Amino acid sequence: MSEPVLAEIYDLHSHTTASDGRLTPEQLVHRAVEMRIHTLAITDHDTTAGIGAAQTEIDRAGLPLRLIAGVEISTLWENHEIHIVGLGIDKDHPAMVAFLAEQAERRLQRARMIAERLEKARIPGAWEGALRFAQGGMITRGHFARFLVEAGRATEPAKVFKHYLARGKIGYVPPQWCTIEQAIDVIHHSGGQAVVAHPGRYDLSAKWLKRLLSHFALAGGEAMEVAQCQQAPNERTQLASWAKQFGLLASQGSDFHQPTPWIELGRKLWLPAGVTPVWQRWTSPEETKERAV
Ligand code: AMP
Ligand code: MN
Ligand code: MN
Ligand code: MN
């Protein structure tokens, strides 16, 4: 059975206003229930700030939803920005708290430099603009993109990235993220499993992608995302075969940031036969208790 219809739906990659998502944690958990998700991981960029409010709302409203505490960590590997998701972490573990404080500082520094570069290119106000869109959440290039759209520089964020924020463009600043090993390490210290996020989105050749997965598995990482809502038909099968080849568990997630016609919580999320789901060991009552927030 490859596409279960009535099975429990897991969505293990999503964002809130704690980073660059558009829905508050409260809005997100309600939407997840509407989309029949039964297990949702909130995985904001380098922050866990949305998780507490999400769980509080689940409890307050009595929602039939299990929340997994997660995070999406930006790393640098061979000069590529690779995102590592942590699932089932203890968000209050001192090692994680200290680590995310460092990542936050790196993000602020990079954001200041992006704003300076834009200022020099005679685009003033980017710092204030991006901060305004971040609304106190973790700052990302997504917030600069929204500011630049507002400033009339492009019609949509994707175009802003292409012309201003992508590598080699005027607002690009080479980031100083941590290594993959450091991300795996802090995820493990805080009791979680490490997952390579959206392997198909790094613009890597098959050879380099396999090199990445091999490196990640050797460094002790557990899983990789195999299913997302927007994939070429053969991509999922290919990723599933690499998961097996490198001994990695399989995860799935929408990477939901906001409602769009293409991306929705839980949409098209199922795993090809033959892979082992990352949640396989979450089902015993003790594990469930441990993993729940
Ligand atoms: P950062 O982690 O600060 O580099 O920001 C990356 C975020 O920007 C991603 O998580 C996406 O939400 C967003 N993003 C990246 N590339 C694009 C793109 N081409 N179009 C729209 N949003 C993008
Ligand atoms: Mn994002
Ligand atoms: Mn990502
Ligand atoms: Mn993401």
Item to check | Accessible area of the stretch 3-99 belonging to carbon and sulfur atoms, whole % at 1.4 Å probe | outcome: 51 percent
Checklist entry - Based on the Kirkwood radius over alpha-carbon pairs, what is the Stokes-Einstein translational diffusion coefficient of the stretch 223-266 at 20 °C with 1.002 mPa s viscosity, in µm²/s? => result 193 µm²/s
Checklist entry - Mind checking the dipole of the chain: about its Cα centre, +1 per Lys or Arg Cβ, -1 per Asp or Glu Cβ, Debye to the nearest 20? => result 1060 debye
Checklist entry - In µm²/s, what is D for the stretch 177-293 at 25 °C and 0.890 mPa s, where D = kT/(6 pi eta Rh) by Stokes-Einstein and Rh is the Kirkwood radius from Cα pairs? => result 162 µm²/s
Checklist entry - In Å, what is the Rg of the alpha-carbon atoms in the stretch 69-214, and how long is Dmax? => result 16.3, 46
Item to check | For the stretch 68-187: relative contact order, % (alpha-carbon pairs under 8 angstrom, 6 or more apart) | outcome: 30 percent
Checklist entry - Just the accessible area for SER214, please: 1.4 Å probe, Å², rounded to the nearest 10? => result 40 Å²
Checklist entry - With the contact rule set at Cα under 8 Å and sequence spacing of 6 or more, what percent relative contact order holds for the stretch 130-224? => result 17 percent
Item to check | Net charge, TYR202 excluded, C-beta distance under 13 Å - Lys, Arg +1, Asp, Glu -1 | outcome: 0
Checklist entry - According to the Kirkwood expression over distinct Cα-Cα pairs, how big is the hydrodynamic radius of the stretch 1-102, in Å? => result 14.3 Å
Checklist entry - Roughly how many debye, to the nearest 20, is the charge dipole of the stretch 3-83 about its Cα centre, given +1 on each Lys and Arg Cβ, -1 on each Asp and Glu Cβ, and no other charges? => result 340 debye
Checklist outcome for this item: GLY253 neighbourhood, Cβ < 10 Å, K/R = +1, D/E = -1, net charge -4
Checklist outcome for this item: Among beta bridges assigned by DSSP with both residues in the chain, the antiparallel ones amount in percent, to the nearest 5, to 45 percent
Checklist outcome for this item: Answer in debye to the nearest 20: the dipole magnitude of the stretch 135-293 about its Cα centre, from +1 Lys/Arg and -1 Asp/Glu charges placed on Cβ, is 600 debye
Checklist entry - Could you give the accessible area per residue of the stretch 142-293, probe 1.4 Å, as a whole number in Å²? => result 48 Å²
Next on the checklist: Just want to confirm a number: the relative contact order over the chain, from Cα pairs under 8 angstrom separated by 6+ residues, in percent.
Outcome noted: 22 percent
Checklist outcome for this item: Taking a crude spin-label model, label points 7 Å out from Cα along the C-beta direction, the ALA98 to ARG201 distance in nm is 3.1 nm
Checklist entry - Over all distinct Cα pairs, what is the inverse of the mean 1/r for the stretch 101-154, reported as the Kirkwood hydrodynamic radius in Å? => result 11.0 Å
Item to check | Candidates GLN280, GLN258, GLN238: whichever shows maximal mean-square fluctuation once the chain is modelled as a Gaussian network with Cα springs under 10 Å | outcome: GLN280
Item to check | Estimated 222 nm signal from helices in the chain, with DSSP H stretches of n ≥ 4 weighted -39500 (n - 2.57), rounded to 500 | outcome: -12000 deg cm²/dmol
Checklist entry - Against the longest principal axis of the chain, how steep is helix 25-34, in degrees 0 to 90 to the nearest 10, with axes from Cα atoms? => result 50 degrees
Next on the checklist: Under 10 °C and 1.306 mPa s, how fast does the chain diffuse according to Stokes-Einstein, given a Kirkwood radius computed over C-alpha pairs? Answer in µm²/s, whole number.
Outcome noted: 82 µm²/s
Checklist entry - Once both axes come from the Cα atoms, what is the angle between helix 206-218 and the longest principal axis of the chain, in degrees from 0 to 90, rounded to 10? => result 60 degrees
Next on the checklist: Counting other C-beta atoms within 10 Å, and keeping those with at most 15, which DSSP coil GluC sites (Glu not before Pro) do you find in the stretch 1-81?
Outcome noted: GLU8, GLU78
Item to check | Using alpha-carbon coordinates, inclination of helix 233-245 to the longest axis of the chain, degrees | outcome: 70 degrees
Checklist entry - Computed FRET efficiency, Cβ-Cβ of LYS159 and ARG60, R0 35 Å: what is it to the nearest 0.05? => result 0.30
Checklist entry - chymotrypsin sites (Phe, Trp or Tyr not before Pro), restricted to the stretch 221-283: which are DSSP loop and have at most 13 other Cβ atoms within 10 Å? => result TRP262
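The values are calculated or read from the model by the stated rules, or taken from the named source; none is laboratory data. Note that this is a predicted model, so its numbers are computed, not measured. Here Cβ is always computed from backbone atoms with ideal geometry, including for glycine, and neighbour counts include all displayed protein chains. Ligands, DNA and RNA are stripped out before the accessible areas are found, and what is left, the full protein with its side chains, is counted by its heavy atoms. Shrake-Rupley method; radii C 1.70, N 1.55, O 1.52, S 1.80 Å.
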